Amino acid sequence: MPINGSSGLVAARKMGTQFASRLGFSATEVALIAAIVSEVARIITHGTDRGSLTFSVVENGAQRGLEVVVRRGMSSGAEPAVGELSFVGKLMDEFTIVSAEERGTTVRLKKWRQ
C-alpha cells in the first residue's frame, strides 16, 4: 500500500492492527505492532512522498508470524533517521534495514506469534 502523508500513516496503523489481530496476537502485541508500524512508516517516509508498505503472513516450521516491509524510494531530501529506528530491534523479533543510494531504504520487520 502506498504511504502518502498522515492519512497513509493512519491506514498503515489500521492495517497492522487488522493483520496482527487475524493472526491471533494478544491485544498487547496488536497494539505494539500497530504503534511500531506507524512509527517506522513515519520515520522512513519523512522527507519524501514515495513510500510503500506491505504485510505478509510468514511461517517457519510450526511458527506463524507477521512480516512488515516499509520502503522509501530515492529522495533528494534527508535520509531516514536510522538511529530513531534502533528501538524496533528490541520490540520486534527480527529487524533489518537496507539503504542503497540508487534504490532507497527498506525496513523489514517480523513478529512471531508465541
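Each reported figure results from applying straightforward, stated rules to the coordinates on display, with no laboratory input. Not measured: the values here are computed from a predicted model. Using ideal geometry, Cβ is built from the backbone for each residue, glycine included, and neighbour counts are taken over all protein chains shown.
Rounded if a/c is under 1.5, else prolate if a/b is larger than b/c, else oblate: which is the chain, with a ≥ b ≥ c the root eigenvalues of its Cα gyration tensor?
prolate
Per-residue counts of other Cβ atoms within 10 Å, averaged by peptide: what ranking do you get for 32-40, 13-21, 56-64, highest first?
Top of the packing list down: 32-40, 13-21, 56-64.
Which angle from 0 to 90°, rounded to the nearest 10, does the C-alpha axis of helix 5-22 make with the longest principal axis of the chain?
Taking Cα atoms only, the helix is inclined about 20 degrees.
If I take every Cα pair under 8 Å that is 6 or more residues apart in the stretch 2-112, average their sequence separation and divide by the length, what percent do I get for the relative contact order?
Across the stretch 2-112, relative contact order equals 24 percent.
For helix 27-45, what angle does its Cα long axis make with the longest principal axis of the chain, in degrees from 0 to 90 and rounded to 10?
10
Going by how many other beta carbons lie within 10 Å of each one, how would you line up Leu9, Leu53, fewest first?
Leu9, Leu53
Arrange Phe25, Phe87 by Cβ neighbour counts within 10 Å, fewest through most, would you?
Exposure proxy ranking, most exposed first: Phe87, Phe25.
For Thr106, Thr45, what's the fewest-to-most ordering of other Cβ within 10 Å of each Cβ?
Least to most surrounded, the residues fall as Thr106, Thr45.
Amide H of Asn4: which non-local residues (sequence gap of 5 or more, or other chain) have their own amide H closer than 5 Å, using H built in the peptide plane?
Amide H to amide H, under 5 Å and 5 or more residues apart or across chains, Asn4 pairs with Leu9.
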